[in-house]
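What follows is a set of notes on a single structure, which appears directly below.
The values are calculated or read from the model by the stated rules, or taken from the named source; none is laboratory data. Keep in mind the model is a prediction, meaning the values are calculated, not measured. We place every Cβ from the backbone using ideal geometry, glycine too, and count neighbours over all the protein chains shown. Surface areas here come from the heavy atoms of the whole protein model, side chains and all, with no ligands, DNA or RNA. Shrake-Rupley method; radii C 1.70, N 1.55, O 1.52, S 1.80 Å.
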Amino acid sequence: MHTFVRPSTFTLEDVDRKLKAAKFALPTTQQFTPPDSSSEDGSSPETDYFPEIPSDEVRPLEQCIAIFEKGPRPVSASLALLNDEEIIQLANAGKIAAYALEKLLGMDALERAVRIRRALISRASSTKTLESSTIPLENYDYSRVLGACCENVVGYIPIPLGIAGPLTVDGVSYPIPMATAEGTLVASASRGCKALNAGGGVSTVLTADGMTRGPAIDFPSVVQAGKAKAWIDSEEGHGVLQRAFESTSRFAKLKSLKTALAGRTLYIRFTTTTGDAMGMNMISKGTEKALDALQKRFPEMVVLALSGNYCTDKKPAAINWIEGRGKSVVAEAVIPGHVVKNVLKTTVEDLCNLNIKKNLIGSAMAGSIGGFNAHAANILTAIFLATGQDPAQNVESSMCMTLMEPTNGGEDLLMSVNMPCIEVGTVGGGTVLAPQQGCLEMLGIKGAHPTQPGKNAQTLARIIASAVMAGELSLMSALAAGHLIRAHMTHNRSQVNTPAASAPVTPGPQSNPVLAQLSRSAKAAFSPLTPLSPSMSSTSLNRLRK
């Protein structure tokens, strides 16, 4: 015999609380029928009577469907009457889409939606390990993710967060947040910060600020495409497109239009300020409006794509290297000679020589575009992850030229980095996530600047360029002094046994006894316990020449 409960005041919180102690079931001999809409005591008619069953019992699919389709509304109230396994039944039966769980379960059950989706995906996979894996899912604010950062969420990936520095940038001391799994990176950047601070810190110049979007537009002929290009380049055409573009946002201010023809296809590179946002959504909206205005003038045109790769986004491109994209920053510092010697363990002469041969000539030999640096992407990407930037934009954002030259009669080192396309923002995107907001808050640049739109994002770009300089200085010094391998052996080797492979190792030929002996000898020669021979640095080579 079932016990019926009539709550005097019914809320979803009541359901959630009761579900933890007991689950509701319907008699197997009857189909679910919503109570009559009339109610004498004023209680919710749709939720008056629900039999209780043990929480681990799973009702038949037919009963679950009846509750889901005919139960209380909104639908989240009906789903609150079902346990996780019953909702999984509904999903497997095609009644609920896994991607829509958050919408159906409601904002107060986001973690439950993630847990159920995780089970669905795990049980449908070949390994069936996701549901019980070590990937965390609890204690995370999924409301910040929903509709903004990720879909089909099954958890989150924690990344170690380290702080390099502090580093003095334009007279202000900043801790440098770096999210990374690469040992030595934070320690190396900190060493670079120490050396830069010893000379008074880093000075920066913002040379340009403008996000870009480059649509591709087809015309019936080259002649018509040429006419459109000429009109856009004219004062009249520029004015029409500018007014249309800027009508979409109070922050979007069109700075320039650059056009190019390839046959009958016209490319237009819109460049605009975007306030403290990185700005891709903002500029896309403005570009679309401007193209509407262009089509009124040239109705025969066909917009092939809002992004025609003339932007260029998330790809290395000479146009970004030359014209800039996002924030263009040049940073400079003087490192005293005694710091180069005592902290960095090398010389000004060796650093300058190595920089020319490696970062300039070596990169030119490789045909690099914007890759005239040692490892700018390392530092930039770690800060991107820590502050909620788009990590895929490290492709163009990490374009960098590192320059070194002797100064003050050859005693000190003058160093600069040139980064023409740092694409960052302090509002929107991943900056809405709480941990990333915490890093921005630590830097004093969380959200939009209250009085100068764009200043917070510009400050972040200046900090990144300065931190890149610290990383460049430390790595180049380690290379010049021969310390790189030693540092990585100390800080970047896992102290935990390497886990076994998930698949059998591919069979190989039987080992050669002679090669095996050579291998053992090589390992002994380069054991961490054996002091390394001095590096063949530029100084060593000079001695040999003499």
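Structure data summary
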item: Meets criteria (outside any strand (DSSP E or B) and within 20 Å of Ala364 (Cα to Cα)) for Ala377; result: yes
item: Residue in the stretch 178-190 that is closer than 27 Å to Asn320 by Cβ and either assigned to a loop (DSSP other than H, G, I, E, B) or touching an Asp or Glu at 6+ places or on another chain (Cβ under 9 Å) (or both) present; result: yes
item: Residue list for the stretch 123-165, filter: on the phi < 0 side of the Ramachandran plot, open to solvent by 60 Å² or more (accessible area, probe 1.4 Å), of a type outside the set (A, V, I, L, M) and more than 23 Å from the chain's Cα centre (by Cα); result: Arg123, Ser126, Thr127, Thr129, Glu131, Ser132
item: Thr274, sole failed condition from (1) open to solvent by 10 Å² or more (accessible area, probe 1.4 Å); (2) under 26 Å from the mean Cα position of the chain (by Cα); (3) over 30 Å from Leu413 (Cβ atoms); result: (1)
item: Search result, residues across the stretch 419-450 that are open to solvent by 30 Å² or more (accessible area, probe 1.4 Å), touching a helix residue (DSSP H, G or I) at 6+ places or on another chain (Cβ under 8 Å), in a loop (DSSP other than H, G, I, E, B) and more than 22 Å from Thr204 (Cα to Cα); result: Gly428
item: Residue match in the stretch 109-119 (condition: in contact with a Gly (Cβ under 7 Å, 6 or more places away or on another chain), open to solvent by less than 10 Å² (accessible area, probe 1.4 Å) and in a helix (DSSP H, G or I)); result: yes
item: Tabulated pairs, the stretch 58-84, first of a type in the set (S, T, N, Q), second outside any helix (DSSP H, G or I) and buried (at least 16 other Cβ atoms within 10 Å of the Cβ), C-beta under 8 angstrom, 6+ apart or interchain; result: Gln63/Ala25; Gln63/Leu26; Gln63/Phe32; Ser76/Gly106; Ser78/Gly71; Ser78/Pro72; Asn83/Lys23; Asn83/Val58
item: Subset of the stretch 187-233 [of a type in the set (Lys, Arg) and free of Cβ contacts under 8 Å to residues at least 60 places away in the same chain]; result: Lys229
item: Pair list, Cβ < 9 Å and 6+ apart or interchain, from the stretch 265-276 residues that are within 21 Å of Gly428 (Cα to Cα) to residues that are among the β-branched types (Val, Ile, Thr) and open to solvent by 10 Å² or more (accessible area, probe 1.4 Å); result: Gly275/Val427; Asp276/Val427
item: Among residues of the stretch 244-256, those that are open to solvent by 30 Å² or more (accessible area, probe 1.4 Å) and part of a strand (DSSP E or B), counted; result: 3
item: Residue under evaluation Val303, criteria (1) farther than 24 Å from Ile322 by Cβ; (2) free of Cβ contacts under 8 Å to residues at least 40 places away in the same chain; (3) part of a strand (DSSP E or B), criterion not met; result: (2)
item: Counted residues, the stretch 193-210 - those being more than 11 Å from Met469 (Cβ to Cβ) and out of contact with any Leu (no Cβ under 7 Å at 6 or more places or on another chain); result: 10
item: So Lys289, is it touching a residue at least 24 places away in the same chain (Cβ under 8 Å), assigned to a helix (DSSP H, G or I) and among the charged types (D, E, K, R); result: yes
item: Matching residues, the stretch 355-405, being on the phi > 0 side of the Ramachandran plot and within 13 Å of the chain's Cα centre (by Cα); result: Gly388
item: Some residue of the stretch 348-357 being open to solvent by less than 60 Å² (accessible area, probe 1.4 Å) and either of a type in the set (Gly, Ala, Ser) or farther than 30 Å from Glu411 by Cβ (or both); result: no
item: Matching residues in the stretch 308-342 - criterion: being within 20 Å of the chain's Cα centre (by Cα) and either hydroxyl-bearing (Ser, Thr, Tyr) or open to solvent by 30 Å² or more (accessible area, probe 1.4 Å) (or both); result: Thr312, Lys314, Lys315, Pro316, Ser328
item: Tabulated pairs, the stretch 322-346, first on the phi > 0 side of the Ramachandran plot, second assigned to a strand (DSSP E or B) and open to solvent by 50 Å² or more (accessible area, probe 1.4 Å), C-beta under 8 angstrom, 6+ apart or interchain; result: Gly324/Thr207
